[in-house]
1. Take the range 1-44 and flag every residue that is closer than 19 Å to V175 by Cα, in a loop (DSSP other than H, G, I, E, B) and touching a residue at least 60 places away in the same chain (Cβ under 8 Å).
2. With the requirement that a residue be open to solvent by less than 10 Å² (accessible area, probe 1.4 Å) and either small (G, A, S) or in contact with a Gly (Cβ under 7 Å, 6 or more places away or on another chain) (or both), what does the range 67-97 give you?
3. Which condition number in (1) under 25 Å from V127 (Cβ atoms); (2) touching a strand residue (DSSP E or B) at 6+ places or on another chain (Cβ under 6 Å); (3) not aliphatic (A, V, I, L, M) is the one that D36 fails?
4. Can we say A177 is open to solvent by less than 30 Å² (accessible area, probe 1.4 Å), at pLDDT below 95 and more than 24 Å from A105 (Cβ to Cβ)?
5. Filter the range 210-223 down to the residues that are under 22 Å from the mean Cα position of the chain (by Cα) and either at pLDDT below 95 or more than 9 Å from the ligand (Cβ to nearest atom) (or both) and list them by number.
6. Given the options L109, L63, L47, name the one that is closer than 30 Å to A199 by Cβ, open to solvent by less than 10 Å² (accessible area, probe 1.4 Å), touching a helix residue (DSSP H, G or I) at 6+ places or on another chain (Cβ under 9 Å) and in a loop (DSSP other than H, G, I, E, B).
7. May I ask you to list the residues in the range 75-108 that are among the hydrophobic types (A, V, I, L, M, F, W, C) and under 26 Å from D187 (Cβ atoms)?
8. Do we find that R200 is more than 24 Å from L34 (Cβ to Cβ), within 16 Å of the ligand (Cβ to nearest atom) and not in a strand (DSSP E or B) in this structure?
Amino acid sequence: MNRPPRVLLVGVGGIGHPCALALARTGRVELVLLDDDRVERSNLHRLFSFDEADVGRPKAVALADHIERASGGQPMIVLDRATPGSVLALVREADVVVEGSDNFATKFLVADACALASKPSVHGAAVGWSGTVLPVSPSRSACYRCVFEDLPSGDAVDCATAGVFAPVTALVGAVMAAHALRLSIGDASQSGTIAHLDARTGMFRARMFARRKNCPLCSEARVITAIDASRYTTPDCSLHNLAVTSLESSL
Ligand SMILES: [Zn+2]
């Protein structure tokens, strides 16, 4: 590979924003910023490189401008979101994928695409006072579905609907960046280990997950062999809540 590793950031909102800033400052990776949202005044407290002048601008464009001024890097910009029709082509162009989206459909869509394309990925989430980060290395660690199984039922909260304590986003973004750098140099030693931050105590806990024998994505019994759009539009699996409850009680 004659160019630096290419990191695709899916979502540059609350957690993708600090992750991109941290990665850009290293000067060791090429960044691709995938996001079609615009900066809102209510976002400014956690998109900390932005100010009033950025309100209304596409987040990816404003962030790329800031990175160019601050570190001289020139991130590529894709003003779109990950969709079943586009996700595989986007993921295949990357060396590492950082998924910091704010909804479950996109999280599972990106996780599935990364497994199908054999790309390492980092999945982050921040809700309320809690954050999680899970690095995944295809065929070498538990995958996102080994841990979270499937989209939750309709009453589950995500970061798009529940709000988030702003400092959690910076911490989760920094940990995501650290994992992305490790994966970019082929270090998969932490893959399959989920870190859970509780900002009320300031404590991180970690737990390594084994691959699930009947995982629909990464086991020999896999049933997910292509991106099927219907899989990301029907939240119909109460197992997710059970998985999260089990995860939190075991950490
Ligand atoms: Zn799996």
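1. Applying the first criterion (closer than 19 Å to V175 by Cα) to the range 1-44 yields 5-33.
Cutting the leftovers down to in a loop (DSSP other than H, G, I, E, B) gives us 5, 11-15, 27-29.
Matches in the range 1-44: P5, G11, V12, G13, G14, I15, R28, V29.
2. Quick first cut of the range 67-97, residues open to solvent by less than 10 Å² (accessible area, probe 1.4 Å) only: 67, 87, 91, 94, 96-97.
If the condition is that a residue be open to solvent by less than 10 Å² (accessible area, probe 1.4 Å) and either small (G, A, S) or in contact with a Gly (Cβ under 7 Å, 6 or more places away or on another chain) (or both), then I67, A94 are the ones that fit.
3. Every listed condition holds for D36 apart from (2).
4. Working: open to solvent by less than 30 Å² (accessible area, probe 1.4 Å): yes; at pLDDT below 95: no; more than 24 Å from A105 (Cβ to Cβ): yes.
When the stated conditions are applied, A177 does not pass them.
5. A210
6. L47
7. In the first step, residues of the range 75-108 are kept if they are among the hydrophobic types (A, V, I, L, M, F, W, C); the result is 76-79, 82, 87-91, 94, 96-98, 104-105, 108.
Within the range 75-108, M76, A82, V87, L88, L90, V91, A94, V96, V97, V98, F108 qualify.
8. Working: more than 24 Å from L34 (Cβ to Cβ): yes; within 16 Å of the ligand (Cβ to nearest atom): no; not in a strand (DSSP E or B): yes.
Judged against the criteria, R200 is not a match.
The values are calculated or read from the model by the stated rules, or taken from the named source; none is laboratory data. All values derive from a computational prediction rather than experimental measurement. A quick note on method: Cβ atoms are made from the backbone with ideal geometry, for glycine too, and the neighbour counts reach across all protein chains shown. All accessible areas refer to the heavy atoms of the entire protein, side chains included, with ligands and DNA or RNA removed. Shrake-Rupley method; radii C 1.70, N 1.55, O 1.52, S 1.80 Å.
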